[in-house]
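To keep things clear, I will list the structure first and then write my remarks on it.
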Amino acid sequence: MACQGLAKGETTNTLKAESESLKAKLEEERAKLHDVELHQVAEKIDALGQFVMKTRRTLKGHGNKVLCMDWCRDKRRIVSSSQDGKVIVWDAYTTNKEHAVTMPCTWVMACAYAPSGCAVACGGLDNKCSVYPLSLDKNENLAAKKKSVAMHTNYLSSCSFTNSDMQILTSSGDGTCALWDVESGQLLQSFHGHSADVLSLDLAPSETGNTFVSGGCDKKANVWDMRSGQNVQSFETHESDINNVKYYPSGDAFATGSDDATCRLYDLRADREVAIYSKDSIIFGASSVDFSLSGRLLFAGYNDYTINVWDVLKGTRVAILFGHENRVSTVRVSPDGTAFCSGSWDNTLRIWA
Amino acid sequence: MFRFRRALLQTSANSLRTAGIMSNNNASSSSVAVAQKAVKQLRLEAKIRRINVSQAATDLKNFCLQNAHKDPLLVGVPSSDNPFRPPKSCGLL
């Protein structure tokens with residue numbers, strides 16, 4: 001982005017004034033279209049019945065806080081990463097550990113399964129994202145085949161493969177997101193616009209989709225065009241850090257979980273926040289969110305050790321799940337929607353169904 | 001542990017914010033560049049086409065309703081079909 005000299009008559013003050021008037025205009029345009037609330041549109045729908053969701057499996061084996069997890073597309077394998085530097089691949093049906101890698105750093109805050117199921121990516125305080133091919137030979141030393149892909153100037157907060165094993169998208173404490181070629185480690189595109197740490201990202205669900213959303217400590221959620229690096233939409237209604245962002249299954253909206261103890265839903269076509277999921281009794285931050293397959297349910301993990309299940313359309317809470325003995329750090333629904341997995345600072349992961 | 005992340009970027013975040021909103025700095029080239037960037041970004045965002053919330057909300061609602069029957073966590077599946085739920089009669093032991 002070139003730094004242009006001042007145009008005639010342009011000063012910091014005129015720019016500031018234009019910035020203010022554009023912001024006001026943006027709010028005005030958004031407000032004009034705010035003709036109804038989401039829960040009003042949902043009034044006539046039947047309320048959801050009682051939910052019986054229990055812990056069906058507990059995955060024990062991490063020696064310290066579980067920070068992140070991801071499902072394999074085969075719907076049964078899971079990769080999880082922890083504060084002590086360990087990355088473990090589990091078979092969630094049997095609870096067996098299939099692979100374990102020790103990273104050279106602690107606080108492995110990000111991990112992701114490759115679409116093929118043949119590799120995992122992870123990173124954290126090492127400021128990098130590394131890819132480990134998974135070997136069928138359980139005795140093989142995975143660390144030997146490690147490939148360093150991404151390099152940031154601060155911690156890695158989140159990573160995700162794109163539609164193939166060939167590219168990885170990363171977000172970092174350095175305030176940027178970046179797209180990398182796995183094979184060469186080359187930086188393909190970088191995304192600048194956040195003014196503080198970026199904590200989370202999520203790719204749009206469509207096959208042809210070329211956008212992703214990111215959320216960070218600047219309380220903003222930004223939507224990006226992956227090809228141009230352009231920030232196409234920005235939302236700033238949270239009152240504190242956004243810890244997690246997740247697309248609605250149709251790709252037309254996304255949810256956020258924040259330290260302000262609320263989760264919110266933003267619609268991309270209406271270009272505004274359309275729902276807030278909160279209660280006076282919930283005062284701890286939401287660390288992680290995910291939708292059920294139809295988008296009707298939003299599962300949110302909180303720092304008060306619970307998982308709240310929200311009716312996305314009506315805005316009400318339909319269940320509260322207890323079980324973890326410390327903060328819930330990550331929540332992900334399985335690819336076929338039959339279960340969801342939660343990871344916690346109590347060192348365990350739980351599968352709920 | 002995560003409090004350090006804010007301290008690290010607080011100074012740069014502050015400078016970006018003040019340049020855009022409450023600039024009381026002298027016009028240094030970096031704050032001008034930041035202000036120009038902010039204005040350019042806002043112009044782009046102001047131009048995008050938006051639809052009514054009523055239409056957006058209706059589409060979200062319809063998507064939920066159309067896919068509800070395929071959502072195992074919403075409607076439940078028979079225990080025999082859910083690999084995580086124990087089947088009613090346990091044939092393994």
Sites matching chymotrypsin sites (Phe, Trp or Tyr not before Pro) across segment A:268-353 that sit in DSSP coil, with at most 16 neighbouring C-beta atoms within 10 Å: A:Phe284, A:Phe322
- request: Take the Cβ-Cβ distance between A:Thr55 and A:Leu136 as r, set R0 to 41 Å, and report the resulting FRET efficiency rounded to the nearest 0.05.
  value: 0.85
query: If packing is taken as the mean number of other Cβ atoms within 10 Å per residue, what is the order of A:177-184, A:127-134, highest first?
result: A:127-134, A:177-184
task: Would you mind calculating the gained length between A:Ser206 and A:Ser281 on full extension (0.36 nm times residue separation, minus the Cα-Cα distance), in nm to one decimal?
output: 23.4 nm
Residues with amide H under 5 Å from that of A:Thr316, placed H, sequence gap 5 or more: A:Asp311
- prompt: For segment A:40-150, with the dipole built from +1 on Lys and Arg beta-carbon atoms and -1 on Asp and Glu ones, taken about the Cα centre, which of A:Ser81, A:Ala150, A:Leu48 lies farthest toward the positive end?
  reply: A:Ser81
message: What are the ³J(HN,Hα) couplings of segment B:43-54, residue after residue, when phi is run through the Karplus curve with 6.51, -1.76, 1.60 and θ = phi - 60°? Round to Hz, x for glycine and proline.
response: 4, 4, 5, 5, 7, 5, 8, 10, 10, 5, 4, 4
query: Farthest toward the dipole's positive end in the protein assembly as shown, which of A:His192, B:Pro83, A:Ser288, given Cβ charges of +1 (Lys, Arg) and -1 (Asp, Glu) about the Cα centre?
result: B:Pro83
query: Counting Lys and Arg as +1 and Asp and Glu as -1, each charge on the Cβ, what is the dipole of segment A:175-305 about the Cα centre in debye, to the nearest 20?
result: 260
query: Mind listing the phi-derived Karplus ³J(HN,Hα) values for segment A:145-151, rounded to whole Hz, using 6.51, -1.76 and 1.60 with θ = phi - 60°, and x for any glycine or proline?
result: 9, 4, 10, 7, 10, 9, 10
message: Amide H of A:Ser258 versus every other amide H placed in the peptide plane: which residues, excluding those fewer than 5 positions away on the same chain, fall under 5 Å?
response: A:Asn243, A:Ala286
message: Heavy atoms of the protein only, probe of 1.4 Å, neighbouring chains included. What is the accessible area of A:Cys68 in Å², nearest 10?
response: 20
- prompt: Given +1 on the Cβ of Lys and Arg, -1 on the Cβ of Asp and Glu, and no further charges, what dipole in debye does chain A carry about its Cα centre, rounded to the nearest 20?
  reply: 940
Net dipole in debye of segment A:74-130 [+1 Lys, Arg Cβ; -1 Asp, Glu Cβ; about Cα centre; nearest 20]: 100
- line: Partner lysines whose C-alpha sits under 20 Å from that of A:Lys86, ignoring same-chain residues fewer than 8 away, are A:Lys60, A:Lys65, A:Lys97, A:Lys128, A:Lys138, A:Lys145, A:Lys146, A:Lys147
- line: With a Förster distance of 41 angstrom and the Cβ-Cβ distance between B:Ser30 and A:Glu29, calculated FRET efficiency to the nearest 0.05 equals 0.85
statement: So, with points 7 Å from each Cα along the Cβ direction, the A:Ile45-A:Thr316 label distance in nm works out to 1.3
- prompt: A:Leu199's amide H: which non-local residues (gap 5+, or another chain) put their own amide H closer than 5 Å, with H modeled 1.01 Å from N in plane and none for Pro or chain starts?
  reply: A:Gly215, A:Gly216, A:Cys217
message: Please report the antiparallel percentage of the DSSP beta bridges confined to segment A:108-150, to the nearest 5.
response: 100
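The values are calculated or read from the model by the stated rules, or taken from the named source; none is laboratory data. Everything quoted here is computed from the prediction, not taken from an experiment. Because the Cβ atoms are built from the backbone with ideal geometry, glycine has one as well, and the counts that use them run over all protein chains shown. Surface areas here come from the heavy atoms of the whole protein model, side chains and all, with no ligands, DNA or RNA. Shrake-Rupley method; radii C 1.70, N 1.55, O 1.52, S 1.80 Å.
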